[in-house]
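I have placed the structure first, in the form of structure tokens, so that the comments after it can refer back to it.
The values are calculated or read from the model by the stated rules, or taken from the named source; none is laboratory data. Remember, it's a predicted structure, so these values are computed and weren't measured experimentally. Here Cβ is always computed from backbone atoms with ideal geometry, including for glycine, and neighbour counts include all displayed protein chains. Keep in mind that these areas ignore ligands, DNA and RNA; they rest on the heavy atoms of the full protein, side chains included. Shrake-Rupley method; radii C 1.70, N 1.55, O 1.52, S 1.80 Å.
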Amino acid sequence: MTSILLRGRTLSFLRWPETIDDHAAWRYEGDGGLLIRDGRIVAAGAYAEVEKQAGQGVEEIDHRPHLLLPGFIDAHAHFPQMQVIASYGAELLDWLNTYTFPEETKFRNAQHGRRIARLFLDEMVRHGTTTVAAYCSVHKASAEAFFAESHHRNMLNIAGKVMMDRNAPEGVLDTPQSGYDDSKALIEEWHGKGRQLYAITPRFAITSSPEQLEMAGALCREHPDLHMQTHLSENHAEIAFTRELYPQLRDYTDVYEHYGLLGKRSLLGHCIHLSEREADAISDAGSIAVFCPTSNLFLGSGLFDYQRFRSRDKALRIAAATDVGGGTNYSMLRTMDEGYKVIALNGEKLNPFQSFWQLTRGNAEALSVVEKVGTLDLDTDADIVVLDARATPAMRLRMETIETLAEELFLLQTLGDDRAVREVYVAGRAAKSDMAT
Ligand SMILES: [Zn+2]
């Protein structure tokens, strides 16, 4: 048995913090300890107490004065888009046709997929993200590359081969049957292997024929424990085109409803321009609206109405995500900084505790993985991020005037990025200091 004892200031959430003073919503230890055995947290609390349980010969790693939090979770990203990020001058549909689809054709080549999967998960770890819900390309080999790399690192990741059979170049199309068969084979091979989870992944309504959405719905019925991920209501031109393609259905959300794709593990990227009927339907189904602020700003898609979705009578479950490569940063700290601004433009504020809840426990609940990750609870997997609020000269200077934990978290969110991530543990293994670069 491998055991390590981590020491530092520990912070983990018990529930959504209603206000900035809602202390019962989180657990904070100014001198905390985490005892990890075989990749799981077996003791947590005040260092003096945890240390007693550690016993002789346990390696101790002292991270004081840094913060130890559950590793960040990114609920929506596209691993084949690392060389699409920072593409100039387009809205969603042009951006897909001009940059993204041509780039994703390269993932026919398994070697390319393996290289990018490795570099993508390096970026996740570098930025403190220990779980990501990832879209692969349409090619089965891209999902194999992603899962092999993720499994090798023992990360808990959710991913799926994109299903798309129309309105895109030949090199990124499957067929209803091949999309079903490839997904099925990948589920058999990877779902539940180590920490890997499969997500049925029809890209979005525009690139799937009704026949393909039927097949995606069949996969959801056959595998009710799987996630389903897709895009919904991101951009006005996208919505209009979807309405043309599915004129008999009530609205965009109804496309996914009609084919049986809305459930409690359905991750719906964007959800910006929803009608009240659509929001009600998503709430009734228990599906998750995924907030991708850097992407929504970059592509000029619109402002996600976070606080209204949370507080409406039929509230929505919400996750937050980078949406790389429409998104502009791999960092969940940068993502929540932009998220704060989007919410401010809607006339509301997200306080720092709510923000860090969202990055950790909130996203874990939204992804239905909170029994395993997203907290520092006993018997969960030891996925942990170590944060340094004095990581840069500007942060160090600002820290001179900071007095509270809330202020420190807000500084980390506002000025922090991968430099503020001192270490990352993946199932108890130091993963950031382990990386080649
Ligand atoms: Zn996306």
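Report, by residue number, each residue of segment 222-238 that is in a loop (DSSP other than H, G, I, E, B), touching a residue at least 60 places away in the same chain (Cβ under 8 Å) and polar (S, T, N, Q).
Taking segment 222-238 and keeping what is in a loop (DSSP other than H, G, I, E, B), we get 223-226, 233-235.
Still in the running and touching a residue at least 60 places away in the same chain (Cβ under 8 Å): 234-235.
Selection gives N235 alone.
If the condition is being away from the ligand (no atom under 16 Å from the Cβ) and not in a strand (DSSP E or B), then segment 310-336 contributes R310, S311, R312, D313, K314, A315, L316, S331, L333, R334, M336. Check segment 366-386 and report whether any residue there is touching a His at 6+ places or on another chain (Cβ under 8 Å) and without any contact (Cβ under 8 Å) to a residue 40 or more places away in the chain. No, every residue in segment 366-386 fails to be touching a His at 6+ places or on another chain (Cβ under 8 Å) and without any contact (Cβ under 8 Å) to a residue 40 or more places away in the chain.
With the condition kept exactly as written, say whether any residue in segment 184-202 is in a helix (DSSP H, G or I) and of a type in the set (D, E). Yes - at least one qualifying residue is present in segment 184-202.
The condition (being open to solvent by 50 Å² or more (accessible area, probe 1.4 Å) and within 28 Å of H236 (Cβ to Cβ)) is satisfied by just one residue among Q83, Q111: Q83. Checking every residue in segment 202-210 against the condition of being under 23 Å from the mean Cα position of the chain (by Cα), buried (at least 19 other Cβ atoms within 10 Å of the Cβ), farther than 21 Å from A90 by Cβ and away from the ligand (no atom under 16 Å from the Cβ) gives zero matches. For segment 281-303, state whether one or more residues are away from the ligand (no atom under 16 Å from the Cβ) and closer than 20 Å to K349 by Cα. Within segment 281-303 (the criterion being away from the ligand (no atom under 16 Å from the Cβ) and closer than 20 Å to K349 by Cα), the answer is yes, since at least one residue qualifies. Each residue in segment 130-153 was checked for being more than 16 Å from the ligand (Cβ to nearest atom) and either open to solvent by 10 Å² or more (accessible area, probe 1.4 Å) or out of contact with any Leu (no Cβ under 9 Å at 6 or more places or on another chain) (or both), and 10 of them qualify. Being open to solvent by 50 Å² or more (accessible area, probe 1.4 Å) and aromatic (F, W, Y) is true of F241.
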